[in-house]
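First comes the structure, then the notes that go with it.
The values are calculated or read from the model by the stated rules, or taken from the named source; none is laboratory data. Here the structure is a predicted model, which is why all the values come from computation and not from measurement. Positions of Cβ are generated from backbone atoms using ideal geometry, with glycine treated the same way; all protein chains shown enter the neighbour counts.
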Amino acid sequence: MKTILGIGELLWDVLPAGPQLGGAPANYSVMAGRLGNHATVISRIGRDALGERALQVLAPFPVDCRQLQVDDEQPTGAVTVELLEGQPSYVIHQPAAWDFLELTSEWQAQAALADAVCFGSLGQRSERSRRTIHALVGATRPDCHRIFDVNLRAPFYTGEIVRESLELASVMKMNDVEAPLVLNLLGYAAEATLRAGAERLLTEFANLTLVAITRGGEGSLLVSRSEWDEHSGVAIKVADTIGAGDAFTAAMTHYLLKGAPLHTLNEAGNRWGSFVASQSGAMPAIPAETLARITAEIEG
C-alpha cells in the first residue's frame, strides 16, 4: 500500500442538481484510495454546515481525512457550476478556508512519508496557501513522485505559479486546452504539436520526468524523456466531466507507483477518467464488479 497525498482545495460544487463535494485534491485522493492506496486529503474546511457535511460525505470513502484543518473564521469553499452539454463552467467564490492552509509539523511529517503527492495551480491562488503547498512538496523524499496537476481557472493563475510549480514537480498533467496556455505563460513559443510542447517542458525543467496531456474524449498523450505513448480514448456517453481529469491523474499515479509502462499508465487514466465522466459527480459509486472489470481491462 502506497502513501499518497492530495494537497490543496476542498470545496462544494454547487450544480443545478444540487451541491456535490469536490475540489481536485479531494477527488484525486478519493480515487487513489479506491484503487488501494493509503490516500490522505490535505486541505482546510470551515467550522460550518458545509464543513460538517464534507466530513460526512467523505466518511464512507477509503480516504484519510484526519489531516483536514478546520478554520474558525473562513467558510468552506464553494464553486457555482453551470453545465453546457456536459461541460462545466465555474464561479469560484473567495475567500475560502482552503486559502489559509497552515503549515504544521503534522503535515510536514505526512509529506516526509509520501510516495506521491499531487498539487495544483488553483490551490495556490492565495500567497499563504501557495507557501504552504511549496513547503510540503519540498519536504517530500527525493524518490517521491511530485505531480503538478494544472488547473487553470481564471483569474487564479499566473506564469509565476506555473513556473515555480514545475520547478518542484517530477510529473506534470494538463489538458490539451491548457497546454498552449502554459507555454505562453512561461514565455515559450507555440509548438506545432502537443508532443513537441511536452518535450519542450521536459527540456526546460530538469526535475520533470513525465508530461501527461489529456484530450477529453480523444484520449491522452504521455511523454517521458525516453519515449511517448498515445491513447485514443474510451467511447462513453458523458454525464458530466467533473472529476474525470482527477480520476485520470489518480489512476496514472497508482500505476506509476507500480513501475508500470507508459501504455498501462495511459490505459488506466483513460479507463477511470471515462468511467467518472459517464457518471454524475466527481465521486460516483463504484460497485465491486466495476472495480474488478476495469482493473482487468487495464492489466489484462
In region 177-212, anything assigned to a loop (DSSP other than H, G, I, E, B) and hydrophobic (A, V, I, L, M, F, W, C) is listed as 177, 186, 189, 190, 192, 205, 206, 208
Expected output for region 259-271 (first residue outside any loop (DSSP other than H, G, I, E, B) and crowded, with 17+ Cβ neighbours inside 10 Å, partner among the hydroxyl-bearing types (Ser, Thr, Tyr) and modelled with pLDDT of 95 or more, Cβ below 7 Å, 6+ apart or cross-chain) is 262/224; 264/255; 265/255; 266/220; 268/255; 269/220; 270/220
Within 23 Å of residue 125 (Cβ to Cβ), of a type outside the set (Lys, Arg), touching a Ser or Thr at 6+ places or on another chain (Cβ under 6 Å) and modelled with pLDDT of 95 or more: does that describe residue 205?
-> no
Which residue out of 135, 109 is touching a Phe, Trp or Tyr at 6+ places or on another chain (Cβ under 9 Å), free of Cβ contacts under 8 Å to residues at least 60 places away in the same chain and small (Gly, Ala, Ser)?
-> 135
Mind checking whether some residue in region 79-102 is of a type in the set (S, T, N, Q) and either buried (at least 16 other Cβ atoms within 10 Å of the Cβ) or touching a His at 6+ places or on another chain (Cβ under 6 Å) (or both)?
-> no
Go through the residues of region 146-155 one by one and say whether even a single one is outside any helix (DSSP H, G or I), over 23 Å from residue 202 (Cα atoms) and touching a Lys or Arg at 6+ places or on another chain (Cβ under 6 Å).
-> no
Check region 76-89 and report whether any residue there is acidic (Asp, Glu), more than 24 Å from residue 31 (Cβ to Cβ) and free of Cβ contacts under 8 Å to residues at least 24 places away in the same chain.
-> yes
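So that you can scan it fast, the table gives a plain yes or no per residue for (1) β-branched (Val, Ile, Thr); (2) closer than 16 Å to residue 249 by Cα; (3) in contact with a Leu (Cβ under 7 Å, 6 or more places away or on another chain):
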site: 163; (1), (2), (3): no, no, yes
site: 168; (1), (2), (3): no, no, no
site: 176; (1), (2), (3): no, yes, yes
site: 183; (1), (2), (3): no, no, no
site: 188; (1), (2), (3): no, no, no
Out of region 37-50, which residues are part of a loop (DSSP other than H, G, I, E, B) and within 15 Å of the chain's Cα centre (by Cα)?
-> 43
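Residues checked against (1) part of a helix (DSSP H, G or I); (2) among the polar types (S, T, N, Q); (3) farther than 23 Å from residue 216 by Cβ; (4) at pLDDT below 95:
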residue	(1), (2), (3), (4)
13	no, no, no, yes
27	yes, yes, no, no
33	yes, no, yes, no
52	yes, no, yes, no
62	no, no, yes, no
75	no, no, yes, no
79	no, no, no, yes
82	no, no, no, yes
106	yes, no, yes, no
So residue 252, is it touching a residue at least 60 places away in the same chain (Cβ under 8 Å), assigned to a helix (DSSP H, G or I) and surrounded by 15 or more Cβ atoms within 10 Å (Cβ to Cβ) = yes
List the pairs whose first member sits in region 281-299 and is at positive phi, whose second member is outside any loop (DSSP other than H, G, I, E, B) and of a type outside the set (Val, Ile, Thr), and whose Cβ atoms are under 6 Å apart, counting only residues at least 6 apart or on separate chains?
-> 281/20
Mind counting the residues in region 84-101 that are assigned to a helix (DSSP H, G or I) and touching a strand residue (DSSP E or B) at 6+ places or on another chain (Cβ under 7 Å)?
-> 3
Restricting attention to region 151-166, does a residue exist that is touching a Phe, Trp or Tyr at 6+ places or on another chain (Cβ under 7 Å), of a type in the set (Val, Ile, Thr) and either within 21 Å of residue 259 (Cα to Cα) or buried (at least 16 other Cβ atoms within 10 Å of the Cβ) (or both)?
-> no
Scanning region 149-165 for residues that are modelled with pLDDT of 95 or more and touching a strand residue (DSSP E or B) at 6+ places or on another chain (Cβ under 6 Å) gives 149, 150, 165
